[in-house]
1. So in the stretch 105-153, with the set limited to residues that are modelled with pLDDT of 85 or more and charged (D, E, K, R), which one is farthest from Pro88 (Cα to Cα)?
2. Give the residues of the stretch 75-93 that are assigned to a strand (DSSP E or B), closer than 18 Å to Glu40 by Cα and in contact with a Leu (Cβ under 8 Å, 6 or more places away or on another chain), sorted by residue number.
3. If Gly249 satisfies all but one of (1) at pLDDT 55 or above; (2) part of a loop (DSSP other than H, G, I, E, B); (3) over 20 Å from Asp51 (Cα atoms), what's the number of the condition it fails?
4. Looking at the structure I just gave you, is Ile64 at pLDDT 95 or above and under 21 Å from Trp214 (Cα atoms)?
5. I'd like the residue in the stretch 231-246 that is modelled with pLDDT of 90 or more and over 16 Å from the mean Cα position of the chain (by Cα) and, out of all such residues, is most open to solvent (accessible area, probe 1.4 Å).
6. For the stretch 77-104, enumerate the residues that are at pLDDT below 95 and among the acidic types (Asp, Glu).
7. Assuming Asp175 fulfils every condition listed in (1) part of a strand (DSSP E or B); (2) surrounded by fewer than 18 Cβ atoms within 10 Å (Cβ to Cβ); (3) charged (D, E, K, R); (4) modelled with pLDDT of 80 or more apart from one, which condition is it?
8. Which residues, counting only those in the stretch 154-175, are of a type in the set (D, E, K, R) and touching a residue at least 24 places away in the same chain (Cβ under 8 Å)?
Amino acid sequence: MTLNNLPKLLAGALSLVLVLGLASPAYAGGGCFTGQVTLEQLDEQCMIVGDKMFDNFDVTENLIEGDLTQRTEVNLANILVVPWNDDPLNPGLEFVSLKNELNVTQAAVTPTGGLDLDIVFRVSTLDNEPKIKDNSLVAYFDSTPLQTNPFNSDNFAEVRERLYEDAALTIPVEDLTGIVIEKDRHRIVDTPDVFVDQTGITVNREFAPRSEIWVLKDLRIFTASQGETAEIQSFEQHFSQVPPTVVAGELLSLDSSALVIAGLTGSAVWMIPTVAGIASAGVYLIKFRTNKE
């Protein structure tokens with residue numbers, strides 16, 4: 001093969017890759033999900049979002065009591081998990097309640113209505129770079145009367161996250177910044193948690209860059225009067241990362257799964273190999289030389 005034919009071959013390869021990329025499967029390499037799935041499907045599974053992996057999903061607490069539907073636990077098949085990578089430097093997940101699954105309507109005067117759902121997972125970088133540097137969280141609630149955890153509120157809904165260094169959840173992340181004052185219903189306290197109890201308000205916590213972090217997500221709903229309702233409609237979180245530093249001659253991670261680029265110079269060809277059909281696959285820039293004889 002001569003260099004004169006190389007651009008035509010690369011153009012053909014690009015067309016094929018782009019076609020295959022449009023029909024990406026639900027799994028990436030290694031069996032991780034790349035598209036939206038239910039929380040039930042994610043049990044002990046993984047999801048790739050850009051260059052981040054979310055894995056080791058586990059529900060450690062699942063309880064509903066006093067609800068009008070007489071449910072005793074959340075149906076995890078009605079919690080949709082959606083990957084978001086519209087901003088490659090800020091990948092994340094959205095959890096959406098389907099069929100009003102995260103809703104409690106108190107059935108009687110007693111007992112009070114309540115929901116407690118704890119979700120554990122790990123987020124990590126696929127290639128140890130770029131590292132994770134913060135966590136933002138936003139949630140959307142509804143209740144009757146419309147209150148979300150003010151002082152002495154009868155009804156409230158909240159999403160709280162605690163960040164850990166280890167899988168056993170015994171070593172909390174202690175270098176969090178941006179700690180806010182939490183209205184804990186009857187008192188004001190400082191909280192190191194990533195915590196939201198007001199609809200549409202984004203809370204952000206920064207920390208020293210890390211290759212991985214463990215998250216304990218705690219969803220709580222409480223009602224105190226018969227017929228009253230509180231609900232978590234959805235919540236979304238993102239883990240932004242340190243922007244990559246471009247250094248001549250090193251591999252550069254690109255967030256794409258269907259890309260081939262070729263540029264010819266006097267003695268070098270730059271190419272990007274592609275993993276076709278795998279959404280959000282890691283792609284790397286490689287330089288190699290050719291002998292012109």
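The values are calculated or read from the model by the stated rules, or taken from the named source; none is laboratory data. The model shown is predicted, which means the values in this text are computed figures rather than measured ones. Counting neighbours? That spans all protein chains shown, and the Cβs are built from the backbone with ideal geometry, glycine included. Keep in mind that these areas ignore ligands, DNA and RNA; they rest on the heavy atoms of the full protein, side chains included. Shrake-Rupley method; radii C 1.70, N 1.55, O 1.52, S 1.80 Å.
1. The selected residue is Asp116.
2. If the condition is that a residue be assigned to a strand (DSSP E or B), closer than 18 Å to Glu40 by Cα and in contact with a Leu (Cβ under 8 Å, 6 or more places away or on another chain), then Ile79, Leu80, Val81, Val82, Pro83 are the ones that fit.
3. (1)
4. Considered against the rule, which asks whether it is at pLDDT 95 or above and under 21 Å from Trp214 (Cα atoms), Ile64 comes out as no.
5. Across the stretch 231-246, the extreme among qualifying residues is Gln233.
6. Asp86, Asp87 - these are the residues of the stretch 77-104 that are at pLDDT below 95 and among the acidic types (Asp, Glu).
7. So the condition that Asp175 fails would be (1).
8. Listed by number, the residues that qualify are Asp154, Glu158, Arg160, Glu161, Arg162, Glu165, Asp166, Asp175.
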